[in-house]
Structures are given as C-alpha cells and as structure tokens.
Amino acid sequence: MQTPQKSIGYLLHRFARRHWARFTEGICFLLLALFLQRIPALFIGVALDALLLESRAFTLPLLPAGWIPTTTNGQALLTVGVLGAAIIVESASKWYGQLVYEEATLRTLHEIRTTTYDTATSLSMRFHDTSEGGDMLSILNDDVDNLGDLFDGARDGVLYGGDILSAFAFMLLLNWNLALVVAALPLLIVATGRVYAALLEPRFDAIRESVGAMNVRLRDAIEGLDTVKAFTQEARERARVADASTEYKRSKWSAIRLRAVYNRVSWLIAAVGIWGLFLLGGYWIIAGPPLWFTQTLSAGTLLTFIMYTFSFLDPTRRLAVDVINKFESAQASSKRVVSLLQSGDRIEERDDAPDLSVTEGRVEYDGVSFSYPTAEEQTLRDVSFATDSGEFVGVVGSTGAGKSTLMKLLFRFYDPDSGTVRIDGQDVTTVDVESLRDQIGYVSQEPFLFHGTVRENVAYATPEATREDAVTAAKQAGAHEFVRELDDGYETTIGERGATLSGGQRQRIAIARAILPDPPILVFDEATSHVDNETEVDIQRSLHEMSGDKTVFAIAHRLSTVRSADRILVMDDGRLAEEGTHEELLEEDGTYATLWRIQTGEIAVTDETAGRAESGVVE
Ligand code: ADP
C-alpha cells in the first residue's frame with residue numbers, strides 16, 4: 001500500500017506536472033497581489049507620521065531617499081497615487097491568478113477522473129468482484145473531487161503563508177523589536193488550531209459514519225418501498241430512519257459546539273493580542289522603549305503594525321485548521337485513487353496481440369478449471385468439450401452448477417486457473433480482447449439497459465445501424481410487437497435501467513442488442529427466463545432460423561428450450577457431467593433424463609429422483 005505522501009507525489013508527478021507552468025503562473029500573480037496588499041497599510045502609517053503628525057521624515061523601507069518627492073504635496077500625491085495603483089493592480093492580478101490556477105486545477109482533476117475511469121473499466125472482473133460497486137462510484141466521484149482540496153490547500157497554504165510572512169517581513173523592516181513580540185500571536189493561534197483539529201477528528205469520523213448509516217437506511221427504505229408497503233412496515237422503517245437521523249444530528253451538534261468554543265477562544269487570543277499590542281505600543285511611544293527594547297516607535301508604525309496584525313489573524317486560523325484538514329482529506333482520497341490507478345489486477349494482453357479470426361466458430365474448452373477469488377471452492381473443475389461449426393449448444397444444470405461462469409471465461413471476463421479456452425484453435429488469452437468481445441454477442445441473466453430510447457438501446461454496440469436494422473433485430477428477438485405499442489415506438493425513453501419495461505421486455509431488447517451487430521458467436525444466459533412459454537417458443541424459433549452458421553450457446557432453465565439443440569452440456573457442481581443431444585442424453589438415462597422427466601411431469605419428485613438430479617431444477 002502507498003503512503004499518503006507517496007500517493008500525492010504520484011498524482012502530482014503524473015497529472016499536475018503537465019500543467020506546472022499554469023499553476024506557477026497562477027501562484028505568481030496571487031503572490032504579487034499579496035505583496036501589493038501590504039502597501040496601503042505601510043503608506044498610511046508613513047503618511048500619518050510625516051504628513052499629519054509631522055513627527056518624522058517621509059521615508060519608505062527599501063526605497064532610496066532620492067526617489068521620494070521632497071514637498072508635502074508631492075508626498076501626499078505619491079501616497080494617494082500609490083494607494084490607488086496598488087489597489088487596482090492587486091485586484092487585477094488576484095483575479096487573473098485565481099482564474100489561471102482554478103483552470104489548471106480543473107484540467108488536472110478532469111484528467112485524473114477520466115484516467116481513473118479508464119483504468120477502472122480495464123480492470124479484470126476479479127477486481128470488481130472484490131470491491132463494492134458503491135466504492136468505485138465514490139472513488140470516481142467523491143475522492144476525485146476531494147483531490148481538488150489538495151490544490152486548494154496548496155494554493156491557500158502558499159497564500160496564507162505568504163500573507164503572514166509578508167506582513168512579518170514589513171514589520172521586521174519597520175521595527176524588528178516589536179515584530180518579534182507580535183510573532184508570539186500566530187504561534188499561539190496555530191497551537192490552539194491544532195488542538196481543535198485533534199479534538200474535531202473523532203467527531204468528524206462519527207459524522208461520516210452516521211451519514212453512511214443514514215444513507216443505507218434511506219436507500220433500503222426507498223428502494224424497497226413496495227416491500228415495506230406490502231408488509232405494512234412503514235412505521236418501523238420510519239422509526240429506523242428517525243433513529244439514523246437522530247444519530248447524525250447528535251454527532252453534528254457535538255462538532256458545532258466544539259467549533260463555537262474554538263471560534264471564541266481564537267478570537268479572544270486575537271483580541272487580547274491587539275489590546276496588548278496597543279498597550280505596549282502606546283507606552284513605548286509615550287515613555288520610550290520599555291524592557292530590553294532599543295528601537296524607537298512612531299504612532300504611524302504602531303498603526304501599520306495593528307493593521308498588519310488584523311490582516312494575518314484570519315489567515316493564521318485558516319492555515320492551522322482548514323488548510324491542514326484539506327490536506328488530510330486529500331491524502332485519504334489520493335490513497336484510494338492511486339491504489340485504483342496502480343492496481344495490477346487487469347486482464348493481461350500483449351500489445352501486439354493479434355485479432356481473433358472466427359472462421360468456423362468452433363469453441364473448445366480443454367481441461368478448464370477456475371475459482372473465483374472470493375470463493376473457497378473451485379467453480380469449474382476440469383471442463384473439456386468441443387463444439388462443431390455453427391452448432392446450437394444448450395447448457396443446462398442446477399443453479400450454481402457453473403453455467404454462467406463457464407461462459408464468462410469465453411469472453412475473458414476471467415481467465416482459467418488451468419486449461420485453455422480456444423475459438424477456432426486460437427487461445428482466447430492470446431488474442432486482442434476487444435476483437436474477442438466484438439465477435440461474441442451476449443445476453444446476461446439480468447441485462448442492463450441504459451437510460452435512453454429503445455432504438456438507442458438496441459443499437460448500443462452499433463450506433464451506426466439504421467432504423468431498419470434495429471427493427472429487424474427487434475423482430476428476430478420477439479420485441480417488435482410490444483415496442484410498436486409503446487407511446488413513441490422505438491423512440492420511447494425507457495428510463496433508468498429500463499425501469500418502465502417488464503423483465504421479459506427488457507430481455508427481448510437485450511437479445512435484439514446482441515444480435516444486431518451480427519456476431520459469429522452468441523451467448524444467451526437464461527435470456528428468455530422472464531418471458532412466457534409461448535413467446536419463448538417464438539423467440540427460440542426465430543433465433544434458430546437466424547443463427548444459421550453461428551455458434552450459439554444457450555444457458556437454459558427450462559429444458560424444453562434446448563431440446564432441439566445440436567449439443568447439450570449438462571453441468572453439475574462445476575463439472576461437465578453429460579454431453580450429447582436430447583435423445584442421446586435420454587438414452588443415457590442420467591441426470592439430464594431425470595431432470596427432463598421431472599420437468600415434463602412424467603415422474604413426481606421423490607427422494608430418489610431428487611438425489612439423482614442433485615439440486616436439479618424442479619418446476
Ligand atoms: P449457474 O450459472 O450455473 O447458476 P454460476 O456460474 O453463476 O452458476 O455460479 C457458480 C458458482 O460460483 C456459485 O456457487 C456462485 O455462488 C459462484 N459465483 C458466481 N459468481 C461469483 C462471483 N462473482 N464471485 C464469487 N463467486 C461467484
């Protein structure tokens with residue numbers, strides 16, 4: 001695991017470096033503004049002494065005496081002119097510096113976000129299995145946003161630090177004796193700020209935790225609203241949400257009380273500091289240097305000191321609390337972003353991997369074994385079979401037997417632990433992954449539809465397809481009839497995840513989406529499980545007609561779906577238990593034959609048949 005500092009270093013090196021010129025330009029203009037901000041107080045102090053009190057000559061630190069006008073009018077004009085110019089230039093350079101810096105920050109964050117997203121999508125499914133979907137979203141959203149704090153923190157750190165240092169530089173030039181006394185003030189404020197931050201941390205943790213718990217409660221109560229209503233548990237859910245909200249209120253209140261105390265304490269230190277400065281300065285002016293001080297002090301210089309002290313109090317408070325907190329929050333986020341960016345858990349692919357060339361569509365599994373990273377048992381055990389060209393292959397077996405997993409290895413969602421998967425003699429792990437997936441159409445058990453129109457969803461993989469192509473695919477998938485009856489036909493928006501459609505309708509659109517690009521190999525994972533028997537028979541017939549010389553794998557729950565398949569693979573507990581046509585398998589009188597008889601109602605389920613069919617599907 002990276003240390004937070006290393007993660008930040010990595011992000012700066014990889015992403016911010018490209019924009020260093022803009023960052024530097026922004027900071028330079030902001031520093032210039034900061035320097036100019038110090039001018040008015042200095043001039044006002046000098047003008048007070050020289051022009052109003054006439055207690056000393058008009059001199060400015062660092063400026064040769066020859067440059068200063070000798071007449072009072074000239075000096076007054078110089079003061080007014082410099083004040084006006086300083087204000088205008090300060091304001092312009094602050095505006096420009098801010099803009100340049102913000103733009104560089106946004107560009108850097110944009111690049112971090114898009115690169116992180118690219119990395120996340122290129123990671124193997126193994127990575128996604130072991131991390132929660134929500135985690136990935138919060139890395140791409142919240143954590144990348146939090147990294148903005150890194151740049152804000154860096155800028156504020158430079159600015160607030162610059163504020164304090166520039167005030168001190170001028171104070172040292174004006175009266176280093178008094179400047180050293182005033183230096184105690186920011187030190188005291190920083191110390192209290194750190195104590196406050198340390199006390200605040202556990203309270204913040206509690207707030208974050210209670211927000212998380214409240215979100216889980218709210219999501220459950222809202223997503224499961226129909227269940228809540230059906231079981232008339234509204235009161236209980238309401239009480240749970242109220243409990244979570246109370247916890248949040250309690251933790252937030254505790255942080256607010258602490259903040260109020262800190263605000264008072266730090267302003268008290270500041271007020272006492274200014275009061276002390278006025279007292280000491282006043283005594284000094286009237287009675288000469290007290291204690292061990294040697295320099296003289298004028299009223300104008302005291303005024304400049306008071307103005308500077310006011311101006312650095314707030315930056316000091318912010319530096320001690322806000323800037324450090326921003327860095328801490330950015331550090332935690334940068335660790336998560338970098339661990340994703342540097343994850344080695346990706347599908348390995350050679351740069352010069354050749355494209356998959358499908359000629360016959362023969363698929364061969366050779367001694368394939370596989371286990372999921374999170375599972376203890378092997379999911380596939382030594383599976384071997386080979387299909388002929390253009391076969392329709394049924395894959396059956398009890399739930400959890402490994403049917404879906406078997407097919408996922410064909411697309412390289414995962415790689416086998418041992419054994420080889422070949423398509424037309426080419427090991428799928430040696431060919432270009434994109435070319436592999438482009439040539440396999442896939443309909444998963446619960447297909448995902450995107451927010452958009454029916455046509456956009458059907459043409460998801462082939463945006464260039466014409467409307468006619470989409471309609472043809474929809475007809476073959478048995479979707480045309482119901483799509484035609486939707487309000488806007490193919491242009492109907494189907495809502496997030498296809499929320500406005502039934503499960504069976506979603507499946508049919510997903511089938512149309514898979515067959516539209518006309519891939520030589522198709523995989524249907526219980527693709528018609530949500531449609532009624534009659535429609536299923538229709539879809540099957542049309543798929544059979546359309547599949548022609550394609551190789552089709554159909555994972556089926558209802559055995560009748562694959563009855564006419566050229567080959568049926570019977571999976572049982574990760575093994576390929578039987579293989580053959582429907583007739584051959586009935587002849588064999590094994591697991592398949594038993595399942596068939598149960599599903600057709602030829603025999604009742606008894607202990608014996610159930611045992612033979614293992615945990616077979618019983619309808
Ligand atoms: P089937 O399609 O035959 O119902 P699957 O291939 O979906 O079976 O699952 C086979 C086994 O692998 C099951 O025990 C299931 O719990 C497990 N499994 C499936 N997907 C994952 C996953 N992403 N991570 C861990 N285990 C999984």
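Laboratory data are not the source of any read-out in this text; all were calculated from the coordinates shown. Since the structure is predicted, the reported quantities are computational estimates derived from the model, not experimental observations. Ideal geometry is used to build each Cβ from the backbone, glycine not excepted, and the neighbour counts take in all protein chains shown.
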State to the nearest 20 debye the size of the charge dipole of the chain about its Cα centre, where the only charges are +1 on K and R beta carbons and -1 on D and E beta carbons.
5260
What lysines could a cross-link reach from K6, if we take a straight Cα to Cα line under 21 Å and drop same-chain neighbours fewer than 8 places away?
K326, K335
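To the nearest 0.05, what FRET efficiency results for S254 and C28 with a Förster distance of 41 Å applied to their C-beta separation?
Once rounded, the FRET efficiency stands at 0.45.
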Could you size up the charge dipole of the range 427-467 around its Cα centre, putting +1 on the beta carbon of Lys and Arg and -1 on that of Asp and Glu, and report it in debye to the nearest 20?
260
E583 versus F231, label points 7 Å from Cα toward the beta carbon: distance in nm?
5.2
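Using a 10 Å cut-off on Cβ atoms, rank the peptides 512-523, 307-318, 462-473 from the highest mean neighbour count down.
For the peptides 512-523, 307-318, 462-473, the packing ranking is 512-523, 307-318, 462-473.
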In what sequence do D351, D49, D415 fall when counting other Cβ within 10 Å, fewest first?
D351, D415, D49
If you find the alpha carbon centre of the range 190-214 and of the range 441-475, how far apart are they in angstrom?
49
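Could you tell me the calculated FRET efficiency between S343 and A198, based on Cβ-Cβ distance and R0 = 51 angstrom, to the nearest 0.05?
That gives a FRET efficiency of 0.95.
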Here the net charge surrounding K326, from other residues whose Cβ is less than 11 Å away from its Cβ (Lys, Arg +1; Asp, Glu -1), is -3
Let a ≥ b ≥ c be the square roots of the eigenvalues of the Cα gyration tensor of the range 447-518; is it rounded (a/c under 1.5), or, if not, prolate (a/b larger than b/c) or oblate?
rounded
Tell me, what is the Rg over Rh of the range 1-112, with Rh the Kirkwood radius over Cα pairs?
1.25
Working from Cα positions, state the angle (0 to 90°, nearest 10) between the long axis of helix 20-37 and the longest principal axis of the chain.
30
Using 7 Å Cα-to-Cβ label points, what is the A386/L52 separation (nm, one decimal)?
10.1
Calculate the spin-label point distance for R14 paired with A242, positioning each point 7 Å from the Cα along the beta-carbon direction, and give it in nanometres.
4.9
Value of Rg/Rh across the range 4-338 [Cα atoms, Kirkwood radius]
1.11
Please report the spacing between the Cα centers of the range 82-104 and the range 526-603 in Å, no decimals.
74
Fewest Cβ neighbours within 10 Å first, please rank S91, S251 accordingly.
S91, S251
Quick note on H544, H128, ordering by fewest other C-beta atoms within 10 Å, gives H544, H128
Hey, what does the equivalent ellipsoid look like for the chain, semi-axes from the Cα gyration tensor as sqrt of 5 times each eigenvalue, largest first, whole Å?
75, 27, 22
For the range 302-328 and the range 222-286, distance of Cα centres in Å
22
Would you work out the relative contact order for the chain, in percent, from Cα pairs under 8 angstrom that are 6 or more residues apart?
14
